[in-house]
Amino acid sequence: MDIHLEQLTMQFDDVTAVKHITTTIKNGELVSLLGPSGCGKSTTLMLLSGLYKPTGGEIYFGDKRVTHLDAEKRGIGMVFQSYALYPHLSVLKNIMFPLKMQRVAKAEAKQRAMEMAKLVQIDHLTDRKPAQLSGGQQQRVAIARALVKNPKLLLLDEPLSNLDARLRLEMREEIRRIQQEVGITAVFVTHDQEEALSISDRVMLMNQGELQQDSAPQEMYRTPSNVFAASFLGNPPINFLNLTKEESKAGTYTIDGTNQQVTFMNPALKAYETLKIGLRPEHLEIAAENEAFITGEVIHIETIGRDTLIRVQQGDIPVRALVDPKIHLQVGDTCSLAIEENQIHFFDTNTSERIGGGFSHDVRTNLEEHV
Ligand SMILES: Nc1ncnc2c1ncn2[C@@H]1O[C@H](COP(=O)(O)OP(=O)(O)OP(=O)(O)O)[C@@H](O)[C@H]1O
Ligand SMILES: [Mg+2]
């Protein structure tokens, strides 16, 4: 069953939490809703669940319009950050609870609950009370309880945020395994880019109620559709530089706040007096001065795991680069950074939209020696 949202909108008194979202979630897909706090992720999930009714737009489950259908008639399972387990009931009875509400015969309910307990690998813990379980185990119970009714759609709202870093990693792999084993369509809310990128078939990136980009994880990272998408994804974050066209030289721009110039051959840029470019720290490398994109003073060095992160400042403009830790650098050194031509992201300064969509092979940049 595909799920289709058409111009979905939710207005609270003075906040439009969800603005004209149109998308299709394909049968069996795991889609992440990603975005900063307050961008409308949970509201979108509540609209899918039927616990909220939208103020505009439509929701379709397959061919059926469910926009105003009540939650209990939609066939959904939900998992929340707080596991919301019943503390006085055993694990097994927690999982059986939705079936009891549906008046499923006890023997059958018990059997189905045990199957779910096996699926989420807590079948050895079914007699315990929730308080006797770890956070990860409690979340497994919550997932089993959400799935026991054979829902058509599984909704998860930041299910891992109460877990420590290692357990989060383990549980996100588990959620993916369970989702694929059951073959269920799932929508997973998170504000953690790594979580979204690692487990989803597709990521819907939101900001201030609006869908910013809707694409496969790697595509979103490689081809961010606007400045927001470029800035939200990537760690350490992307560097932005503002550029202003040099009247005298075609294709040549000055990097604002510096005395450095760069020249691009990309014909799509011709129309732009100003540009914003994005340079990912992992795509910058230390270069000879005549190959440099930007040259400046090293003002900060730190080692994070396998990488060395440096901050190079030119004029007022700092640029972060992840560089080979074997290269010997000190704060105060002068350092030149280069970038592969096709790794530069170009944005329209006025609209913040990506210029020229993806990159074709004939788009080259010519990195002129700086003045
Ligand atoms: N019941 C409500 N009444 C009024 N405003 C609300 C209500 N629920 C959410 N909002 C507002 O709508 C916006 C989106 O909220 P939402 O909870 O969907 O964000 P979120 O992306 O889930 O954020 P977080 O990551 O913090 O959970 C926020 O500005 C929030 O204050
Ligand atoms: Mg939320």
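Details
- For 355, 301, 76, the sequence from fewest to most other C-beta atoms within 10 Å is 301, 355, 76.
- Estimated distance in nm for a label pair at residue 152 and residue 340, the labels positioned 7 Å out from Cα along Cα-to-Cβ: 4.4 nm
- Applying 0.36 nm per residue to the separation of residue 102 and residue 67 and subtracting their alpha-carbon distance, the gain on full extension is 10.3 nm.
- Between the stretch 124-174 and the stretch 33-112, the alpha-carbon center distance in angstrom: 15 Å
- In Hz, Karplus ³J(HN,Hα) per residue of the stretch 264-281 (6.51, -1.76, 1.60; θ = phi - 60°; x = Gly, Pro): 10, 9, 3, x, 5, 8, 3, 6, 9, 6, 10, 9, 10, 10, x, 10, 6, x
- Residue 37-residue 304 FRET efficiency (beta carbon distance; Förster radius 25 Å; 0.05 resolution): 0.50
- Amide H contacts of residue 27 (H built 1.01 Å from N, under 5 Å, at least 5 apart or other chain): 2, 3
- Rg and Dmax of the chain, based on Cα coordinates, read 25.1, 83 Å.
- 222 nm mean residue ellipticity, helices alone, for the chain (DSSP H n ≥ 4; -39,500 (n - 2.57); rounded to 500): -7000 deg cm²/dmol
- Pairs of Cα atoms farther than 29 Å apart, the stretch 3-223, %: 26 percent
- Stretchable slack from residue 7 to residue 353, in nm (0.36 nm times residue separation minus alpha-carbon distance): 122.5 nm
- Across the chain, C-alpha contacts under 8 Å between residues 6 or more apart give a mean separation that, scaled by the residue count, equals a relative contact order of 15 percent.
- Of the peptides 97-110, 186-199, 281-294, the ranking by mean beta-carbon count within 10 Å, highest at the top, reads 186-199, 281-294, 97-110.
- Pair residue 333, residue 128: separation of 7 Å Cα→Cβ label points (nm): 5.1 nm
- Annotation: the antiparallel percentage among DSSP beta bridges lying fully within the chain is about 75.
- With the simple spin-label model, which puts each label point 7 Å out from Cα in the Cβ direction, the residue 15 to residue 249 separation comes to 4.9 nm.
- Members of 93/152; 26/106; 26/73; 106/129; 129/152 lying beyond 31 Å, as alpha-carbon distances in this model show: 26/106
- Relative contact order (%) - the stretch 18-135, alpha-carbon pairs under 8 angstrom, separation at least six: 18 percent
- A dipole drawn for the chain from +1 and -1 charges on Cβ atoms has a positive end, and of 312, 96, 217 the residue lying farthest that way is 96.
- Inverse of mean 1/r across different Cα pairs in the stretch 236-366, Kirkwood, Å: 15.2 Å
- Gyration tensor (Cα) of the stretch 110-162, equivalent ellipsoid semi-axes in angstrom: 17, 17, 7
- The ranking of 82, 90 from fewest to most other beta carbons within 10 Å of each one's beta carbon is 82, 90.
- Listed by chain and number, the aspartates and glutamates placed with their C-alpha closer than 12 angstrom to that of residue 249 are 368; residues fewer than eight positions away on the same chain are left out.
- Extension gain (nm, one decimal) between residue 261 and residue 82, 0.36 nm per residue minus Cα-Cα: 59.2 nm
We did not get these values from a lab; they are worked out from the coordinates using the rules stated. All figures in this text were calculated on a predicted structure; none of them were measured in a lab. Glycine also receives a Cβ, built like all others from the backbone with ideal geometry; neighbour counts cover every protein chain displayed.
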